[in-house]
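What follows is a short report on a single structure.
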Amino acid sequence: MPIPIRFNSRSVLMLLGSLVSLSLVAAQPQFTQETEVVVVGAGMAGLSATVALANEGASVILLEQNPFPGGTANAAEGVFGVGSRFQRDHYYGPPMMDKDEVFHHEMAYNHWMGNAPMMKAFVDQSGDTINWFEDQGVKFEEVAQTTYTGIRTWHVPVGHGAGLIRVLFGKAKQSPTVKVFMETEGTGLITDDQKRVIGVTAKGKAGEMRIRAKAVILATGGFGDNLEMVKRYHGNAFTGTVANFHKMGFGINACMKLGAKTEGMATLMNTAVYDKKKSAKMGMANPVDLEFDAMGQQPMNVMVNNNGERFCDEIIANDFVLQSNAIERQPTSSAWIIFSEDQRKRYANEGTDAGMGVIIPIGTKLKKMDGAIDGYIAAGDRNLYSADTVEELAAKIKVPADVLKRTLETYNHDCEVNHDSGFGKKPFFMRKLNGKLYAMHEVLSYLTTVGGVVVNKHFQPLDASDRPIQGVYVTGVDVGGLYGDSYGLDSPGTSMGFAAGSGRMAAAEILKSLKK
Ligand SMILES: Cc1cc2nc3c(=O)[nH]c(=O)nc-3n(C[C@H](O)[C@H](O)[C@H](O)COP(=O)(O)OP(=O)(O)OC[C@H]3O[C@@H](n4cnc5c(N)ncnc54)[C@H](O)[C@@H]3O)c2cc1C
């Protein structure tokens with residue numbers, strides 16, 4: 001039997017009131033925190049943005065998923081900058097290119113496939129970002145180039161990338177307007193009914209968080225540790241990476257969920273490395289294997305593919321992106337570095353002809369490599385072989401002996417006549433291969449992803465109709481469009497430089513809107 005309900009005006013009002021408040025609860029999620037700006041990611045871009053905001057008194061919540069700040073920037077060495085005080089005072093070499101020249105150089109390198117207004121804004125502010133770092137307490141040890149023909153734009157901080165991060169993180173933590181949440185992962189963007197971003201969800205030591213903010217900066221460093229995404233956008237050729245500590249593509253994926261476009265997702269900061277097999281692919285590289293990697297980038301080596309044929313002028317190994325591109329075209333996207341006993345001794349006792357950044361500077365005596373090589377060969381499972389004859393080496397590395405023999409005989413002859421009939425290599429870098437021979441397997445790896453979200457000049461993501469998504473800003477390698485099909489090493493340090501510059505530029509935009 002139905003229970004009779006008697007209404008009076010008071011109970012109707014109460015019922016209506018509770019219905020209204022219920023619907024308000026459903027429409028407006030409860031926020032656990034409120035701030036002016038949330039920055040997701042305490043790496044190069046995120047810390048630059050945070051310190052720039054804090055310096056102007058803005059309130060910031062900084063989220064970092066790892067127990068340490070800095071992400072991949074901890075492994076980096078130098079930061080791009082043109083026209084800095086430090087470059088002016090420490091430059092030597094051919095006449096320095098000015099900002100316009102470097103801008104044109106970079107756009108020509110990417111065949112004008114990249115986002116030209118963004119590149120221009122980045123290059124133009126780059127010297128000021130280096131000055132700003134100095135103003136924050138960062139010290140630089142040199143401004144360098146990384147390839148024989150490169151431009152001297154690479155500002156190397158004392159302590160390298162990790163040293164730079166230490167200074168900025170210290171500033172962020174000391175700021176009274178910044179709250180730092182470590183081991184706290186951004187998990188989603190909160191939007192209002194007009195699809196404007198109004199906050200971030202996160203989880204970490206403090207539990208689940210829903211943070212309300214006037215602006216959100218995404219600085220999560222791309223998707224280098226998300227092997228499924230790397231495979232989707234790049235295919236299978238790449239064997240792994242170093243120092244992309246748990247970077248799963250949060251910033252890019254969160255923007256894509258809101259309809260943002262992406263570009264350049266197939267471009268990597270790609271490099272060729274020794275196929276060390278037993279060493280860890282993720283995490284930081286170990287110092288012994290780094291010397292093998294440096295060994296693989298020496299222009300005096302001979303590189304052959306699995307058919308036993310040379311395929312490039314080995315001087316390109318001095319630019320790891322070019323070397324990696326050339327190797328990617330080869331069968332199984334791998335190559336063999338061939339060198340002789342003379343060269344092994346020369347690299348160990350006299351030093352290298354090409355540097356690998358400032359980790360293994362040019363002229364380094366590869367003593368660790370020399371000490372380890374016989375053990376690696378004896379282990380038999382390190383993709384490193386030696387042999388007294390070409391035939392024996394060919395059998396070990398499973399390439400056609402007749403082809404390898406012809407390749408090396410031709411190379412030795414070309415050394416004698418001072419002309420590389422294959423690829424016009426400069427005779428200065430050609431030495432006959434005599435005596436015992438070595439072969440080291442080289443595979444493709446990458447330092448970071450550099451493709452990501454399409455942004456406008458304010459670093460707001462653009463949707464399919466080129467409309468900016470409000471309330472959110474994308475920075476660092478979460479942004480796509482700075483590069484074409486290859487990362488450029490001619491003007492070195494653009495990834496770190498852009499991360500810092502985009503972080504500062506996004507912060508400047510937000511500060512303008514906060515003041516309105
Ligand atoms: C060995 C090596 C050497 C390099 N050398 C150079 C160099 O000399 N010059 C150069 O320009 N570039 C160099 N790079 C590349 C450079 O380190 C990166 O491109 C740069 O760090 C990018 O800055 P970022 O701020 O975009 O990302 P990062 O500095 O990696 O910062 C991203 C941060 O976001 C955090 N994060 C990710 N997802 C979340 C989430 N959901 N919630 C919270 N936090 C999150 C990460 O943990 C990380 O701390 C090098 C890279 C490697 C591996």
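Data overview
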read-out: Assigned charges on the beta-carbon of Lys, Arg, Asp, Glu; the stretch 270-446 dipole about Cα centre (debye); value: 340
read-out: Above-threshold pairs, the threshold being 26 Å between Cα atoms, out of K99/K457; K171/K203; K205/K276; value: K205/K276
read-out: Projected label distance in nm at K436 and H419, using a 7 Å step from Cα toward the beta-carbon; value: 3.6
read-out: Bins of 10 Å from zero: percent of alpha-carbon pairs in the stretch 260-358; value: 14, 44, 32, 7, 2, 0
read-out: Length gained when the stretch H105-E208 is fully extended (0.36 nm per residue, less Cα-Cα span); value: 32.4 nm
read-out: 0 to 90° range, to nearest 10: angle between helix 494-515 axis and the chain longest Cα axis; value: 20
read-out: Square roots of 5 times each gyration tensor eigenvalue, C-alpha, the stretch 418-482, largest first, Å; value: 49, 15, 9
read-out: Point-to-point label distance, E391-V288, nm (Cα→Cβ direction, 7 Å offset); value: 3.4
read-out: Helix 99-109 axis, angle to the chain major axis (alpha carbon atoms, nearest 10°); value: 70
read-out: Sum of side-chain charges, L53 neighbourhood, beta-carbon under 15 Å (Lys, Arg +1; Asp, Glu -1); value: +4
read-out: Between 0 and 90°, nearest 10: helix 367-379 axis offset from the chain longest Cα axis; value: 80
read-out: Computed P(r) (all Cα pairs; the stretch 365-426; 5 Å bins; percent); value: 4, 16, 17, 15, 17, 20, 10, 1
read-out: Charge sum, other residues only, whose C-beta stays under 15 Å from Y91's C-beta, Lys/Arg counted +1 and Asp/Glu -1; value: -1
read-out: Set of aspartates and glutamates near K261 by C-alpha distance (under 14 Å), chain-local residues within fewer than 8 positions excluded; value: D463, D466, D478
read-out: Chain lengthening between V403 and K345 when straightened (0.36 nm per residue, less Cα-Cα); value: 18.2 nm
read-out: Among beta bridges that DSSP assigns inside the chain, antiparallel share in %, nearest 5; value: 70
read-out: Taking N as its residue count, the alpha carbon Rg of the chain over 2.2 N^0.38 Å; value: 1.14
read-out: Largest-first ellipsoid semi-axes for the stretch 300-458, taking √(5λ) over the Cα gyration tensor eigenvalues, angstrom; value: 27, 19, 18
read-out: Distance between modelled label sites at T239 and D124, nm, 7 Å Cα→Cβ extension; value: 4.5
read-out: Dipole moment magnitude, nearest 20 debye, the chain about Cα centre, only Lys, Arg, Asp, Glu C-beta charged; value: 1920
read-out: Residues of the stretch 457-494 with amide N under 18 Å of a point placed 7 Å along Cα→Cβ from W112; value: 481-486
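Where a number appears in this text, it was derived from the coordinates with a stated rule and is not lab data. Just so it is clear, the structure is predicted and the values come from calculations on it, not from any experiment. Heads up, the Cβs are rebuilt from the backbone with ideal geometry, glycines too, and the neighbour counts pull from every protein chain shown.
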